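This report refers to the structure that appears directly beneath it.
Each reported figure results from applying straightforward, stated rules to the coordinates on display, with no laboratory input. Keep in mind it's a predicted model, so treat the numbers as computed, not measured. Here the Cβ positions follow ideal geometry from the backbone for every residue, glycine too, while neighbour counts run over all protein chains shown.
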Amino acid sequence: MRFYEFESRRLVERAGIPVTKYGFAKTADEARAAAAEIGGPVVVKSQVLTGGRMKAGGVKFADTPGEAAEHAEAILGLEINGHMPVGVLVDPKAEVEQEYYAAVLWDGRAKRPMMLFSDMGGIDIEQVAEEHPDHVGRGHISNLHPIADFRAKETVARCGMTGSELGRATRVLAGLARLQRDYDMTLAEINPVARLADGSFVALDAHMEMEDEAVGRHRKVLESIGVDLSEPREDYEPSEFERNVKAIDSADHRGVIQGKDHGFHGNLGLVIGAGGGSLTLTDAVRSQGGKPANYAEIGGNPSVAKSKGLAMEVLKKDGVEKIAVMMSIVSNTRVDIVARGVIKACLELGKDPAETIAIFRIPGAWEEEGYKILDKYGVEYADRTTSMWDAAGTAVAKIQGGAQ
C-alpha cells in the first residue's frame, strides 16, 4: 500500500522525526488558511500517487495566502499521469543549506531491512549511487533485535559525515528504521532531509509503502492519520482479468484466489496452489522456455465455483492455449475441489479438459478423489514424486508441441 505525501509526513511525525509546519488542504480556502497559519512564502504540492508533479505543474510557489489559494485551485483540477489529486500539501518554503537522502527498505537478497543515506539528497538516489558511490552509505539491520542508533551512525558515516551533522542525521535515520519496522514498510524514504539555516534537520518530503498484508494490523494508526482505506492504492490500473478474479474472490469467503497479468503475455495459463509454490512454479515455467499468461494463487479450500471462476478467467485470456494446474507439496487444499472447478471451466467454455489441461500436479488433501475425477476426463496428472520443475517442464513441452 502506497501513501500520499501528507500521510507519509504524518507517519514521519509520529516517529519523532522533525518536519516543517505544514497543512493539508482539499479546497482553495483551506490552502489559503494553511498558508496564513504558516506565514511567509509557501510551496503548494499536488497530492497524487505518481511522480512528475513538478514537470506537470503540480508544484507551485506562493508568496501570499491569496496566491497559495490560486495555485491550489489550479492544482486541484490538474490531472497528472491519469491521477486526480486528493488535495494539496502546503509547506513553508524552507531556507535549505544542505539536502540529504535517507531511506530504509526491504533487501530481498539479504532478507533484512537495509538503511541508505546520502549527503546528496533531492535527486534520484540511483543516479547518485552510480555517479558518486562514495556519497552513499549502506547498512543492514536485524529483523529481530532492537534497532541500535550506532547502526544508523555507521551508515551515515560511510558517506563521509562527521561532527554534529553526523549526530543529527543519525537520529533521523534511526527513527526512520524504527518506523519501517514498526509499521511493516517495504519502503520508508525521506528525500530530502534538509539542514536548515539554523542547523536543524527536518524532513521536507517522504515516501512510504506498506506491506498490503499489514494494513489490517495497523488500521487504527492509519485511520488516525486520515488514510482512506477504501481507496484503491495500486501502482497501476488493474486489468479486466485482475478485476474479475478479485470480484470472484470477494464474493465467496471460502478459500483464496489471486490473479495478476501485468507483464505477462504468454500462451500457458497458470492455476497454482500457494504455500510458497506460486513464484517457484511460475519461474520454473519461464526457466524452461515457457511463456506464462498470468500469475495465480489458489488455496485455503475454495469452493468449486471459486476454483471454476479462476480457471475460466485464465482460459478466457487472449492467447491462452492450455493451462497448467500445479500444487506445491505443502498445499492442504482439496485436490478434488480444484479438479472439479477447473474441469467445469473447461466444459463450460466448450474445451476438452484432456487437451486443455497440460498437467495437473496433484499434492494436497483428498488426493484419491482428485485422481478419480481427472482419470474420468483423461487429464494427465503427476503426484508428489514428480518435482515442481519436472511438472512445469511437462506443461512447457506440451504447449510447444514436444514430447515429454
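Rg ratio for segment 350-396: its Cα radius of gyration over 2.2 N^0.38 Å, N being its residue count, equals 1.13. The calculated pair-distance distribution of segment 268-326 uses every alpha carbon pair, bins of 10 angstrom beginning at 0, and gives 23, 56, 20, 1 percent.
Under 20 °C and 1.002 mPa s, how fast does segment 96-224 diffuse according to Stokes-Einstein, given a Kirkwood radius computed over C-alpha pairs? Answer in µm²/s, whole number.
144 µm²/s
Taking R0 as 41 Å, what's the FRET efficiency between Lys376 and His83 from their Cβ-Cβ distance, rounded to 0.05? Walk me through the numbers before you get to the answer.
Details: r = 51 Å, r/R0 = 1.24.
The pair Lys376/His83 has a calculated efficiency of 0.20.
Both the radius of gyration and Dmax for segment 205-351 are 16.7, 55 Å, in that order, over alpha-carbon atoms. Mind pulling the angle between the C-alpha long axis of helix 304-315 and the longest principal axis of the chain? Nearest 10 degrees, somewhere in 0 to 90. Result, in degrees: 80. Between Thr162 and Arg286, the modelled labels are 4.7 nm apart [label points 7 Å from Cα along Cα→Cβ]. Axis angle, to the nearest 10 degrees, between helix 5-14 and the longest C-alpha principal axis of the chain: 70 degrees.
Length gained on full extension, Ala36 to Glu237: 68.6 nm, using 0.36 nm per residue less the C-alpha separation.
Placing a pseudo-label 7 Å from each Cα along the Cα-to-Cβ vector at Ile329 and Lys316 gives an inter-label distance of 3.7 nm.
Quantify how much of the Cα-Cα distance distribution of segment 37-128 extends past 21 Å, in percent.
Values: 2073 of 4186 pairs.
Every Cα pair in segment 37-128 considered, those over 21 Å come to 50 percent.
Relative to one another, the C-alpha centroids of segment 213-228 and segment 1-55 are positioned 19 Å apart.
Each Lys and Arg adds +1 at its Cβ and each Asp and Glu adds -1 at its Cβ; summed about the Cα centre, segment 96-224 shows a dipole of about 720 debye.
Calculated over the chain, the projected area of the Cα convex hull averaged across directions stands at 22.7 nm². GNM remark for the chain: springs join alpha carbons under 10 Å apart, and the peak mean-square fluctuation among Ala365, Ala103, Ala72 falls on Ala365. Listed cross-link partners Lys111/Lys316; Lys316/Lys376; Lys21/Lys246; Lys260/Lys344; Lys111/Lys308; Lys246/Lys322 are compared with a 29 Å cut-off, the Cα-Cα value being larger for Lys111/Lys316; Lys21/Lys246; Lys111/Lys308. Placing dummy labels 7 Å off each Cα toward the beta-carbon, the span from Glu211 to Phe61 is 4.2 nm.
Only Lys, Arg, Asp and Glu carry charge here, each on its Cβ (+1 for the first two, -1 for the last two); on that basis segment 240-399 has a dipole of about 180 debye about its Cα centre. Computed from the Cβ-Cβ distance with R0 of 51 Å, the FRET efficiency linking Phe150 to Ala365 stands at 0.50.
Dipole orientation for the chain: of the candidates Val44, Met326, Met84, Met326 has the Cα lying most toward the positive pole (charges on Cβ; Lys, Arg +1; Asp, Glu -1).
The charge dipole of the chain, taken about the Cα centre with unit charges on the Cβ atoms of Lys, Arg (+1) and Asp, Glu (-1), comes to about 1080 debye, rounded to the nearest 20. Each of Ile359, Leu268, Ile248 was scored by the projection of its Cα onto the charge dipole of segment 240-399, and the greatest displacement toward the positive side belongs to Ile248; charges sit on the C-beta of Lys, Arg, Asp and Glu. When the Cα centres of segment 264-311 and segment 106-157 are compared, how far apart do they sit, in Å? Centre-to-centre distance over Cα atoms comes out at 35 Å.
Compared with the dominant Cα axis of the chain, that is its longest principal axis, helix 335-348 is turned about 80°.
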